[in-house]
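Quick note: the coordinates plus some simple rules give every number you see, no bench work behind them. This one's a predicted model, so the numbers in the text were calculated from it and none came from an experiment. Virtual Cβ from ideal backbone geometry, glycine too; neighbours counted across all protein chains shown.
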């Protein structure tokens with residue numbers, strides 16, 4: 001499939017800036033290889049979860065592109081952050097408002113998700129199959145099951161697509177695909193079906209209160225890492241994560257001062273809307 005995404009103003013200029021940045025980056029030895037996870041693509045510069053956002057993130061040199069999954073009523077997995085369509089979708093109200101789960105994939109094809117950001121060209125909601133077909137095994141994917149308790153069968157549909165694209169690993173040490181979720185139940189279900197697929201337990205502000213050591217001990221029985229909100233990352237959390245050999249990938253880190261603080265604490269990677277900023281930090285350390 002062609003890798004020419006819909007055009008939007010400023011993309012070529014940003015690509016040029018990315019190439020200049022990467023030229024500078026590669027001239028300096030990188031000693032702290034923090035993983036750069038493009039949060040919803042390079043969503044600080046392009047509309048989130050569009051092919052343009054993914055294309056730009058990869059041009060910048062991001063290690064992973066992130067996909068949030070929603071499930072329409074016909075079971076076709078689409079890449080969109082919000083369950084309600086209203087924030088980012090534009091088009092006929094009968095198709096492009098309300099919940100994704102109330103629409104079919106064919107109905108969602110009437111919606112575009114880029115003009116809500118001024119000056120962008122119209123792009124459709126991509127399916128996960130479309131993204132995996134486009135990039136294949138040329139990049140790495142960080143996929144989230146969103147509200148899986150409201151989408152029965154999401155996990156099985158995800159595994160079926162990964163198998164179809166030959167992206168299921170033979171070992172948890174193969175991190176071509178990482179699957180993340182706030183739902184321990186969703187991750188445990190996937191672990192039971194495909195124990196070799198590496199999983200990341202997302203952690204919100206109040207999700208894992210109490211004994212962090214006990215919480216991470218439990219997480220380590222089914223996941224290879226955690227994705228805490230950046231405010232949760234403390235020396236105590238890093239000590240516990242190290243004890244249970246868990247990766248730490250905080251979200252969503254956009255300011256360089258926060259990136260530097262987290263690098264100093266020893267995190268293994270970060271979700272960011274600005275992959276170029278974290279690449280610059282990585283080149284200095």
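Worth pointing out:
- Computed over the chain, relative contact order equals 21 percent, with contacts defined as Cα pairs under 8 Å that lie 6+ residues apart.
- Working from Cα pairs under 8 Å separated by at least six residues, relative contact order for region 27-139 is 22 percent.
- Backbone N atoms of region 148-180 closer than 19 Å to the 7 Å Cα→Cβ label point of residue 104 are not found in any residue.
- Region 135-198: C-alpha pair distances exceeding 13 Å, %: 61 percent
- For the chain, built as a Gaussian network whose Cα springs stay under 10 Å, the top-fluctuating residue of 208, 182, 271: 208
- Most fluctuating residue given options 187, 178, 237, as computed from a GNM of the chain linking Cα atoms under 10 Å: 237
- Between 50, 272, 35, the residue with the greatest mean-square fluctuation in the GNM of the chain (Cα pairs under 10 Å linked by springs) is 35.
- For the chain, the Rg and Dmax computed from alpha carbons only, in angstrom: 18.5, 54
- DSSP bridge analysis restricted to the chain gives an antiparallel fraction near 20%, rounded to the nearest 5.
- The distance between label points at residue 160 and residue 173 comes to 3.3 nm (points 7 Å beyond Cα on the Cα→Cβ vector).
- Value at 222 nm in deg cm²/dmol, rounded to 500, when DSSP H runs of n ≥ 4 in the chain each add -39,500 (n - 2.57): -10000 deg cm²/dmol
- Cα centroid separation, region 187-214 to region 93-147 (Å): 26 Å
- Contact order, relative form, for region 167-208: 44 percent (alpha carbon pairs under 8 Å, 6 or more residues apart, mean separation divided by residue count).
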